[in-house]
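**Q** I have a structure here, written as structure tokens, and I will follow up with some questions on it.
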Amino acid sequence: MKEEKLEREDLKGVFAKSMAGHDKNAYYIIWDWDADTVLLVNGKNRGIGNPKKKKRKHVQIHRNQPVCSGRTDPEIRKAIQEYQRSKNGGEYVKG
């Protein structure tokens, strides 16, 4: 039953927040995923060519937010910056 739900669930382009590790509280976009892990990109040090592999239990997935349609590193960076601003009341967030 759990596997069926994961197959129907499309996470690509969904915003996610790291909840553990040295990158705790950093925002990413899910680039790819499987049952146990997600591949995360932020367009800076973790671009499309070098996604970060992280266990799903260490990531907070923001399913109710708009999905990022960016397919290049600059588009992904801009989408994350805009998402962070919306979460912080319009204030700029360095990161």
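The values are calculated or read from the model by the stated rules, or taken from the named source; none is laboratory data. The structure presented is a predicted model; accordingly, all values stated were derived computationally and were not measured. Glycine also receives a Cβ, built like all others from the backbone with ideal geometry; neighbour counts cover every protein chain displayed.
To keep it simple, each residue is scored yes or no on (1) under 13 Å from the mean Cα position of the chain (by Cα); (2) more than 20 Å from Asp10 (Cβ to Cβ); (3) modelled with pLDDT of 95 or more.
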{"site": "Tyr28", "(1), (2), (3)": "yes, no, yes"}
{"site": "Asp34", "(1), (2), (3)": "no, no, no"}
{"site": "Leu39", "(1), (2), (3)": "yes, no, yes"}
{"site": "Lys55", "(1), (2), (3)": "yes, no, yes"}
{"site": "Ile61", "(1), (2), (3)": "yes, no, no"}
{"site": "Ser69", "(1), (2), (3)": "yes, no, no"}
{"site": "Gln84", "(1), (2), (3)": "yes, yes, no"}
{"site": "Val93", "(1), (2), (3)": "no, yes, no"}
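**Q** Can you name the residue in segment 1-19 that is in a loop (DSSP other than H, G, I, E, B) and loosely packed, with under 12 Cβ neighbours inside 10 Å and is also modelled with the highest pLDDT among such residues? Before you say what the answer is, go through the steps one by one.
**A** Taking segment 1-19 and keeping what is in a loop (DSSP other than H, G, I, E, B), we get 1, 9-14, 19.
Filter again for loosely packed, with under 12 Cβ neighbours inside 10 Å, leaving 1, 9-10.
On the way: Met1: 39, Glu9: 62, Asp10: 84.
Across segment 1-19, the extreme among qualifying residues is Asp10.
**Q** Which of the strands (runs of 3 or more DSSP E) found entirely inside segment 35-78 contain at least 2 residues meeting this: charged (D, E, K, R) and either touching a residue at least 24 places away in the same chain (Cβ under 8 Å) or under 16 Å from Ser18 (Cβ atoms) (or both)?
**A** Hits in segment 35-78: 52-55.
**Q** For segment 79-93, name all the residues that are in a helix (DSSP H, G or I) and not charged (D, E, K, R).
**A** Once the filter is applied, which keeps residues that are in a helix (DSSP H, G or I) and not charged (D, E, K, R), segment 79-93 yields Ala79, Ile80, Gln81, Tyr83, Gln84, Ser86.
**Q** Inside segment 71-80, can you point out the residues that are surrounded by 16 or more Cβ atoms within 10 Å (Cβ to Cβ) and either of a type in the set (D, E, K, R) or farther than 15 Å from Val14 by Cβ (or both)? Lay out the reasoning, then the answer.
**A** As a first pass, look at segment 71-80 and keep what is surrounded by 16 or more Cβ atoms within 10 Å (Cβ to Cβ): 73, 76-77, 79-80.
The answer is Asp73, Arg77.
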